[in-house]
Amino acid sequence: MRIERELEGLRAATGAWRAAGRRIALVPTMGALHAGHLALVAEARRRAEIVITSIFVNPLQFLPHEDLARYPRDEAGDLEKLRAAGCDLAWMPTPAVMYPPGAATVVEPAGPAEGWEGDERPGHFRGVATVCTKLFMMTGADVAVFGEKDWQQLQVIRRVVADLHLPLEIVGLPTVRDADGLALSSRNQRLSPEQRARAAALPRRLRAVAKALAEGRPAAPTLAEAREGLAADGFGVDYLALVVPHTLKPWTEGQHGEARLLATARLGEVRLLDNLPVFLRG
Ligand code: AMP
C-alpha cells in the first residue's frame, strides 16, 4: 500500500492508474478506523480496481468550541487495517496541503445542509462539503463511498456533486453496528464503560419508534414520548425527528412512503448520531 502525504505523490500515482484505464474509488475518513470504515473500503474494492482511503481530520468542519485536538487518532493502527483491507493508497495530507496559506475558497451547501446538524453545528457542512470536493478533485475518483451513519452528510454530498457537476458516483452504505445495536463511531472510544452500556438505548428507542410509525401510530406523540424516554435514560437530546430522506425537510403528518428517522443525543460530552429508514403506509 502506498502512503502519500503530498499532492505530487498522489497525482503521480493516480495519473499512472488513470493512464492504465483503472477505475478509482475513494473512501474519505477522519481516521481512528473501525469496522464501519472497513465496510466502506470493502465496498470500494468491489466497485473499482483501485481503492484510495483518505485520512484527514478536517479542521474546517470543527466549530471553534469543538475540541479538534481531542479527536481520536491512531495512524499506525489505521495503516495496518487499511493494508489488511486491500487498500491501494492511503492519502494523508497535512492541513497545510489541504488548505495552503491564503486559501479562501469554500463550498457552501444549502438545501439538505439546513436544519438538524446544520443548526447544531453552524458551518460544519461547509467544512465537509469543501474538504470532500477537494478530495474528489485531488484524487480524480470515479466513485466515492460514504456511510449512511451520517445520513444528512451523505445527502449534502449527493447535492454538492449534482450541483457542481462533479464526474463521480456517490455510494451510500448501511450503518455497521455493535452487537447491542450501537452504531460504530470513532467517538464511541470516548464513552466511559458506564456510558457505553447506556448508549445502546439510543438505537433501541429508534427501532421502537420506527416500528410504531410503520404500524400507523401518529408521529408527533410517538417522537415526543421517545425524546422523554431518552432523557430518562440520561441522554441530552439535540433532536429526534422524522424527515424526508433526501431533502431533510421535516416530515408532515399524513404523508406516507419512505421517511428517515434522525437522532442526535449526548452522553456526557460525546454526541451520538444515528438514523433509521421508516416506511409509513398510506
Ligand atoms: P468519519 O471518519 O467518522 O468522519 O467517517 C468516515 C466515513 O465513514 C463516513 O462516510 C461515515 O458515514 C462512515 N462511517 C462512520 N461510521 C460508520 C458506521 N458505523 N457504519 C458505516 N459507515 C460509517
Kindly list, by first and then second residue, each pair from a residue in segment 85-114 that is more than 21 Å from Thr14 (Cα to Cα) to a residue that is of a type in the set (D, E, K, R), limited to pairs with Cβ atoms under 6 Å and residues at least 6 apart or on different chains.
Val106/Arg126; Glu108/Arg126; Gly111/Arg159; Pro112/Arg159
Counting only residues that are surrounded by fewer than 18 Cβ atoms within 10 Å (Cβ to Cβ) and not aliphatic (A, V, I, L, M), segment 149-164 contains a total of 2
Please tell me if Arg159 is over 25 Å from Ala110 (Cβ atoms) and either free of Cβ contacts under 8 Å to residues at least 60 places away in the same chain or not in a loop (DSSP other than H, G, I, E, B) (or both).
no
Enumeration of residues in segment 228-255 that are closer than 20 Å to Trp151 by Cα and open to solvent by 30 Å² or more (accessible area, probe 1.4 Å)
Val237, Asp238, Val244, His246, Thr247, Lys249, Pro250, Trp251, Thr252
Those residues of segment 188-197 which are away from the ligand (no atom under 12 Å from the Cβ), surrounded by 16 or more Cβ atoms within 10 Å (Cβ to Cβ) and part of a helix (DSSP H, G or I) amount to Arg190, Gln195, Arg196
Go through segment 198-227 and count every residue that is open to solvent by less than 40 Å² (accessible area, probe 1.4 Å) and either within 16 Å of the ligand (Cβ to nearest atom) or touching a residue at least 12 places away in the same chain (Cβ under 8 Å) (or both).
14
What number of residues in segment 18-46 are touching an Asp or Glu at 6+ places or on another chain (Cβ under 8 Å) and open to solvent by 40 Å² or more (accessible area, probe 1.4 Å)?
2
Picked from segment 123-148 (must be more than 14 Å from the ligand (Cβ to nearest atom) and of a type outside the set (Val, Ile, Thr)), the residue most open to solvent (accessible area, probe 1.4 Å) is Met137
So the check is Cβ under 9 Å with 6+ separation or different chains; which pairs have a first residue in segment 248-263 that's free of Cβ contacts under 8 Å to residues at least 60 places away in the same chain and a second one that's open to solvent by 80 Å² or more (accessible area, probe 1.4 Å) and not in a loop (DSSP other than H, G, I, E, B)?
His256/Phe279; Gly257/Phe279; Glu258/Phe279; Ala259/Phe279
Identify the single condition in (1) exposed (fewer than 12 other Cβ atoms within 10 Å of the Cβ); (2) farther than 23 Å from Ile55 by Cβ that Gly111 does not satisfy, given that it satisfies every other one.
(1)
When residues of segment 165-180 are limited to those that are more than 10 Å from the ligand (Cβ to nearest atom), part of a loop (DSSP other than H, G, I, E, B) and under 15 Å from Ala144 (Cα atoms), the one most open to solvent (accessible area, probe 1.4 Å):
His165
Consider segment 15-68. How many of its residues are more than 11 Å from the ligand (Cβ to nearest atom), touching a residue at least 40 places away in the same chain (Cβ under 8 Å) and outside any helix (DSSP H, G or I)?
8
The lone condition Ser185 fails out of (1) touching a Gly at 6+ places or on another chain (Cβ under 7 Å); (2) closer than 27 Å to Glu4 by Cα; (3) within 11 Å of the ligand (Cβ to nearest atom); (4) not charged (D, E, K, R) is (1)
Of all residues in segment 140-156, count the ones that are aromatic (Phe, Trp, Tyr) and outside any helix (DSSP H, G or I).
1
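The values are calculated or read from the model by the stated rules, or taken from the named source; none is laboratory data. Because the structure is a prediction, the values reported are computed rather than measured. Counting neighbours? That spans all protein chains shown, and the Cβs are built from the backbone with ideal geometry, glycine included. For the accessible areas, the whole protein counts, side chains as well, though only heavy atoms, and no ligand, DNA or RNA atoms are used. Shrake-Rupley method; radii C 1.70, N 1.55, O 1.52, S 1.80 Å.
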